[in-house]
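Only one structure is covered here, and it is reproduced in the block below.
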């Protein structure tokens, strides 16, 4: 009975060893460090970026950092189940005496460890860009809170798609397409965003709601003044956390697909 209770912890430990001791996570963090260094250099050299206000440059750097985290966790989670299918190793995993929901939760939590590794790398870059703006503390707080919230939501979406995808290619394509579709309203013109119906859907969408909250804070709002913007992301993540284990216990299958 204890083995069942701690099943997710067994999977988490196994996945963490695979991810970190075999070099996959350290390699991803090295790539991320090189990418952020190149980005900061381009930021300093690009005359078009130099005309932006320091606050907007800080917000752009925050978005790039979080986007990198999203890409990392979506890659890992999109591969989590469909990758096992491609390698013909899912059957042996499903035959273990562990609830299928706990297998998935263990894999999901392990993938989020890459974000925990990215945070200490990201903060110095953000502080460098935010130097002299007066929003340095806010941008770090946003990274740790809303950034983590957004990355966790993206990881859950990637895992859900991976569970039903028949192959890695389908899983990767569908996962990134879904994230891009959810993020697309961020590119709407400001005049369109002010339309009441558009504003409602932007606040309902967890990804655009977080982006709006971050922009408001870096424009001078207090951390709690716009806190209602985080309602839909928190509800979305809570619903995922409560629903996913039950869903996977009943529906996770060797072949994939919606059942």
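Report, in degrees rounded to the nearest 10, the 0 to 90 angle that the Cα long axis of helix 168-183 makes with the longest principal axis of the chain.
With rounding to tens, the tilt is 30 degrees.
Need one number for the chain: average projected area of the convex hull over its C-alpha atoms, nm². Intermediate values should be presented prior to the final figure.
Values: hull surface 60.4 nm².
With every direction weighted equally, the projected area is 15.1 nm².
Given a cut-off of under 8 Å on Cα pairs at least six residues apart, what relative contact order in percent is computed for the chain? Walk me through the numbers before you get to the answer.
Working: 278 pairs, mean separation 69.3, N = 259.
Contact order relative to length: 27 percent.
With each pseudo-label sitting 7 Å past Cα toward Cβ, what's the residue 34-residue 127 distance in nm, one decimal?
Modelled inter-label distance: 2.6 nm.
Mind giving me the nanometre distance, one decimal, between the label points for residue 86 and residue 22, set 7 Å out from Cα along Cα→Cβ?
A separation of 1.3 nm, rounded to one decimal place.
Roughly what angle does helix 206-218 make with the longest principal axis of the chain, taking Cα atoms, 0 to 90 degrees, to the nearest 10?
Once rounded, the angle reads 30 degrees.
Going by alpha carbons, how many degrees (0 to 90, nearest 10) lie between the helix axis of 24-45 and the longest principal axis of the chain?
It works out to around 10 degrees.
Can you show me the helix-derived [θ] at 222 nm for the chain, built from DSSP H runs with n ≥ 4 at -39,500 (n - 2.57) apiece and divided by the number of residues, rounded to the nearest 500.
Details: 15 runs with 193 residues, N = 259.
Value at 222 nm, helices only: -23500 deg cm²/dmol.
Of all the Cα-Cα pairs you can form in the range 89-129, what percent are over 16 Å apart?
Values: 451 of 820 pairs.
Counting every Cα pair in the range 89-129, those more than 16 Å apart make up 55 percent.
Taking 0.36 nm per residue of sequence separation and subtracting the Cα-Cα distance, how much length would be gained by fully extending the chain between residue 193 and residue 241, in nm to one decimal? Numbers along the way, then the final one.
Numbers: separation 48, 0.36 × 48 = 17.28 nm, distance 3.00 nm.
Between residue 193 and residue 241, full extension yields 14.3 nm more.
Bear in mind that the values in this text are calculations on the coordinates, not laboratory data. If you're wondering where the values come from, they're calculated on a predicted model, not measured in any experiment. Methodologically, a virtual Cβ is constructed for each residue, glycine included, from the backbone with ideal geometry; neighbour enumeration extends over all protein chains shown.
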